[in-house]
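The values are calculated or read from the model by the stated rules, or taken from the named source; none is laboratory data. Quick caveat, the model's predicted, so the values are computed rather than measured. All Cβ positions, glycine included, derive from the backbone under ideal geometry; neighbour counts span all protein chains shown. Remember, those area values only see protein heavy atoms, side chains included, never the ligands or the DNA or RNA. Shrake-Rupley method; radii C 1.70, N 1.55, O 1.52, S 1.80 Å.
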Amino acid sequence: MGTQLEPTNPNESEATGPTPREAVGPNEGETAGTREDETAAARAGVARAGVARTGLAPAGVAPAGVAQTGVARHDVAELPEPVPVAQAGRLAWPLAPRPEVTRYFEAPESPYGPGHRGVDLAAAPGQEVLAADVGVVVFAGQIAGHGVVSLDHDGGLRTTYQPITPTVTTGEQVYRGQPLGTATPGHPGCSVAACLHWGARRGTEYVDPLALTGAPGRVRLKPWGGEP
């Protein structure tokens, strides 16, 4: 007895529908794109909120008011012009009030050549002579019958005062404006009652003491070509 076979639908393979996994709704692609847009918008909203709270923008995001170059767009306040400040001279005048200059500095042509190695200041006999700056007394005594005081200052500068009657002693430290002695008559070439010869030098080079006070001295022009 043979096995009875069930009739087969000739269109079974064609009638077979898609599996549930293969079935795709007509708007599924559009729905996925919409979800991605919503996610990006949410992230952008969080970034903007963070900028509002902290003032800092996430990497790659330029905050408002900042150009693409990263330079803030705001006005730069102009700085005021600097106000000139009066500079005090290295040396103070050795007589007060400020005296008249009876003879100006004349630099010598050579270390032993003629010149006027200092300035002569008009003084009254017995007038106090003052230290031009802080220093140490390196000499206080007589030279060729005239009283002389010499001070050493910082930077290798030395000042001398003559003729005076010293009231300080060698080795004494003095402050700026301290009395060193009193002016006496007898300086050669003085045309007034008494003159204080005030000199200054750095090392072996004599310099114009008036230039160290900030006061202009007299300029001596040398002959052209080095002729005497």
- Message: Being outside any loop (DSSP other than H, G, I, E, B) and surrounded by 13 or more Cβ atoms within 10 Å (Cβ to Cβ): is that true of VAL148 here?
- Response: yes
- Message: Suppose we keep only residues that are over 16 Å from ARG117 (Cα atoms) and either of a type in the set (D, E, K, R) or in a loop (DSSP other than H, G, I, E, B) (or both) within region 181-215. Which one would you say is modelled with the lowest pLDDT?
- Response: ALA215
- Item | Among (1) open to solvent by 20 Å² or more (accessible area, probe 1.4 Å); (2) in contact with a Gly (Cβ under 8 Å, 6 or more places away or on another chain); (3) modelled with pLDDT under 95 - the single one PRO166 does not satisfy | (3)
- Query: What is the one condition in (1) assigned to a strand (DSSP E or B); (2) in contact (Cβ under 8 Å) with a residue 60 or more places away in the chain; (3) out of contact with any Asp or Glu (no Cβ under 6 Å at 6 or more places or on another chain) that GLY177 does not satisfy?
  - Reply: (1)
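Just the residues that are open to solvent by less than 30 Å² (accessible area, probe 1.4 Å), farther than 12 Å from LEU91 by Cα and part of a strand (DSSP E or B), please, taken from region 152-163. Talk me through it step by step, then tell me what you get.
Pass one, region 152-163, residues open to solvent by less than 30 Å² (accessible area, probe 1.4 Å): 153, 157, 159, 161, 163.
Restricting the remaining residues to those that are farther than 12 Å from LEU91 by Cα gives 161, 163.
Within region 152-163, TYR161 is the sole residue that qualifies.
Go through region 108-125 and report how many residues are touching a strand residue (DSSP E or B) at 6+ places or on another chain (Cβ under 8 Å) and under 20 Å from GLY203 (Cβ atoms).
First, the residues of region 108-125 that are touching a strand residue (DSSP E or B) at 6+ places or on another chain (Cβ under 8 Å): 108, 115-125.
Narrowing the set further to residues that are under 20 Å from GLY203 (Cβ atoms) leaves 108, 115-119.
Final tally of qualifying residues: 6.
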- Note on the structure: Residue hits (region 161-173; touching a residue at least 24 places away in the same chain (Cβ under 8 Å) and either of a type in the set (Lys, Arg) or farther than 10 Å from ALA132 by Cβ (or both)) are GLN162, PRO163, ILE164, PRO166, VAL168, THR169, THR170, GLY171, GLU172, GLN173
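When you go through GLU78, GLU100, GLU109, GLU128 one by one, which is the residue that is within 17 Å of THR213 (Cβ to Cβ), at pLDDT 55 or above and among the acidic types (Asp, Glu)?
Details: GLU78 fails: within 17 Å of THR213 (Cβ to Cβ); GLU109 fails: within 17 Å of THR213 (Cβ to Cβ); GLU128 fails: within 17 Å of THR213 (Cβ to Cβ).
Residue meeting the stated conditions: GLU100.
Given the structure, is GLY141 surrounded by 17 or more Cβ atoms within 10 Å (Cβ to Cβ), in a strand (DSSP E or B) and in contact (Cβ under 8 Å) with a residue 24 or more places away in the chain?
On the way: surrounded by 17 or more Cβ atoms within 10 Å (Cβ to Cβ): no; in a strand (DSSP E or B): yes; in contact (Cβ under 8 Å) with a residue 24 or more places away in the chain: yes.
In short, no.
Report yes if ALA132 is at negative phi, surrounded by 14 or more Cβ atoms within 10 Å (Cβ to Cβ) and not hydroxyl-bearing (Ser, Thr, Tyr), otherwise no.
Working: at negative phi: yes; surrounded by 14 or more Cβ atoms within 10 Å (Cβ to Cβ): yes; not hydroxyl-bearing (Ser, Thr, Tyr): yes.
In short, yes.
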